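Participant: Quick one: the structure is below, and I'll ask about it shortly.
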Amino acid sequence: MKKQFSEQPKSCPCCSTAVIYSNRTRNINIQATCDELIKRCSNGEMNVIRGDCPIDMMVGLLEADTVYTIVHFLHCNVCGKTIFWGACIRGAPIYKVVERDAVDKWRWEDKRKYWLK
């Protein structure tokens with residue numbers, strides 16, 4: 001039986017280009033990436049499915065050092081992918097494609113006490 005190879009999906013011009021890296025370290029630049037995601041959500045290319053806080057408050061909460069991790073799940077309206085975007089005060093940020101049910105499987109913690117003050 002002959003193996004069939006499928007063509008790899010092409011990169012999405014929206015969600016695959018939202019991550020901004022630092023030139024020196026090749027680490028994800030959290031502020032610049034948040035700014036890109038906010039812009040893409042504002043113009044309708046992406047939307048937040050669920051998150052620990054409003055996405056525009058993510059960097060401020062991390063800088064305040066009141067929570068350890070902050071995560072968001074986003075939907076790309078261009079390609080349909082679900083994106084996990086997370087950062088913590090002591091570790092590398094994560095931006096990756098996940099299955100849609102990952103949103104429901106996440107162990108959500110009510111963090112409103114940190115940002116509703």
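The values are calculated or read from the model by the stated rules, or taken from the named source; none is laboratory data. Because the structure is a prediction, the values reported are computed rather than measured. Neighbour counts are summed over all protein chains in view; Cβ atoms, including those assigned to glycine, are modelled from backbone coordinates with ideal geometry.
Participant: Could you count how many residues in segment 43-62 are over 15 Å from the mean Cα position of the chain (by Cα) and farther than 18 Å from ILE94 by Cβ?
Facilitator: 3
Participant: Next up: If a residue has to be of a type in the set (S, T, N, Q) and in contact (Cβ under 8 Å) with a residue 40 or more places away in the chain to count, how many in segment 36-60 make the cut?
Facilitator: 0
Participant: List pairs: first in segment 69-80 and closer than 8 Å to GLY51 by Cα, second acidic (Asp, Glu), Cβ under 7 Å, 6+ apart or cross-chain?
Facilitator: ILE70/ASP52; VAL71/ASP52
Participant: Going by the structure shown, is ILE20 of a type in the set (A, V, I, L, M, F, W, C) and either at pLDDT 95 or above or out of contact with any helix residue (DSSP H, G or I) (no Cβ under 8 Å at 6 or more places or on another chain) (or both)?
Facilitator: Criteria not met by ILE20.
Participant: Inside segment 29-117, counting only strands (runs of 3 or more DSSP E) that do not spill past its ends, which hold 1 or more residues that are more than 26 Å from PRO13 (Cα to Cα)?
Facilitator: Answer list for segment 29-117: 69-76, 82-88.
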